[in-house]
1. Can you find, among A260, A309, G281, the residue sitting farthest towards the positive end of the charge dipole of region 254-395, where Lys and Arg contribute +1 and Asp and Glu -1 at Cβ?
2. For region 253-294 and region 112-133, compute the distance between their C-alpha centroids and round to whole Å.
3. Run the dipole for the chain about the Cα centre, Lys and Arg Cβ at +1, Asp and Glu Cβ at -1, nothing else charged, and hand back the magnitude in debye, nearest 20.
4. So if I place +1 on the C-beta of Lys and Arg and -1 on the C-beta of Asp and Glu, and nothing else carries charge, what would the dipole magnitude of region 90-238 be about its Cα centre? I want it in debye, nearest 20.
5. Measuring from centroid to centroid over Cα atoms, what is the spacing of region 13-60 and region 350-370 in Å?
6. How high is the relative contact order of region 8-382, given as a whole-number percent (alpha carbon pairs under 8 Å, six or more residues apart)?
7. For the chain, take the longest principal axis of its alpha carbons; what is the angle in degrees between that and the long axis of helix 210-225, to the nearest 10 within 0 to 90?
8. With a 10 Å radius around each residue's Cβ, average the other Cβ atoms per peptide and rank 117-124, 171-178, 238-245, highest first.
Amino acid sequence: MTNPDRIDDVDALRGFALLGILLVNTMAFASAFYGLELADPAFTGIADRTVHLVIALFFEMKFYLLFSFLFGYSFTLQMRSAEKSGEAFVPRLLRRQAGLWLIGVAHAVLLFHGDILTTYAVLGIVLLMLRNRSDGALFRLAKWLVILVAVAWGALGIVATLEPTPLDRPGILAAAKATELAFRGDWQAIISQHLTELSSVWVILGLLQAPSALAMFVLGLIAGRHKTLARPEENKALFQRLLRAGLWIGLPGAIVYAYASVEMIDSPVAIIGLSIGLITGPFLTGAYVGGVMLFLGTKAGQRLRNLLAPAGRMALSNYLAQSLIAALIFHGYGLGLIGQATPLTTVLIALGIYTAQLFISRWWMARFAYGPLEWVLRFITIWRAPQWRKPVGAR
């Protein structure tokens, strides 16, 4: 049975977010140097750096925030759904988060160490505990989460700049080459590499992404309470303000972050740029929300909604499918292209994957009520098998 509580604009935003997530994650699949303090020596030309600048400017540090905001918004939809069905919300949510965590662990071990689902699963429990706080208290929490994590990283960058330590270039090169060799291996070598990296990755996610993600969860919860995305006509002025704030605050901050992370990657100044990106990233993410919502209200926007919404309805399946396809392209059990594709080629690969997903999602959602993994997560959530196929004539 179709879900009458679904909001097409929320699904369209989620489908849009899949593009940014894919572009960033594919860059990580393509190069063992991604996230290190040294650029890949094989790709340091103007074209290569330009691609990295564009990805850092418009996509890094923004689209996981968009997903986080939508997670918080959807949290309120799940609360209303449980209320309508007469079922207790807390047990449902706990089962859902447990299922999400298990899927995330499998994703991290088998496909991509940069998995965000495990973080979302844990933060969802925190959001559950915050659900009865007032809007004002939640907004203050979100504000201070963003400020404090940015200040902490900024202070770290300043200390590192004032007391610099020599960059261990040979060590970084050796580590990157060892990682690349592992990812060119078989299943066992790749899983072993993922397990080796997981502890450090989870620490970084906890210190870098988790506070900002929780802040966006909270803002999404506030927006969901007021049905902001379900009432686009009433909230046009808000969307316009978000767009302006993103252009005046978010974009300049993103420029600083992008330049520092690409052109000054081997300098402690890159950490200061990161801190600026952390504090201004939510503004650019807000601009994406406002801009997309305003565009969806136009005639052309209706066509875009029809294209993006099916992908958003099965975002979990698409997210993991992106990792599977990228792994088959860049890892050793597939084409083994890690370290060989230029940044531009990598972007084109990502765009090809995304385009295919848009059309496959439209075909799938015309026939089925859930994406494959959405069905699994729904089963865990309600603890019974949901209807798989759509009834004849259902949207």
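1. In region 254-395, that residue is A309.
2. Region 253-294 and region 112-133 have Cα centres spaced 23 Å from each other.
3. Numbers: 33 positive and 22 negative charges, 395 e Å.
The dipole of the chain has a size of about 1900 debye.
4. So the dipole magnitude of region 90-238 works out to roughly 760 debye.
5. A separation of 23 Å, based on Cα centres.
6. Result for region 8-382 is 34 percent.
7. Approximately 20 degrees, to the nearest ten.
8. 117-124, 238-245, 171-178
Read the figures in this text as sums done on the coordinates, not as results from a lab. This one's a predicted model, so the numbers in the text were calculated from it and none came from an experiment. FYI the Cβ positions are ideal-geometry reconstructions off the backbone, even for glycines, and counts take in every protein chain you see.
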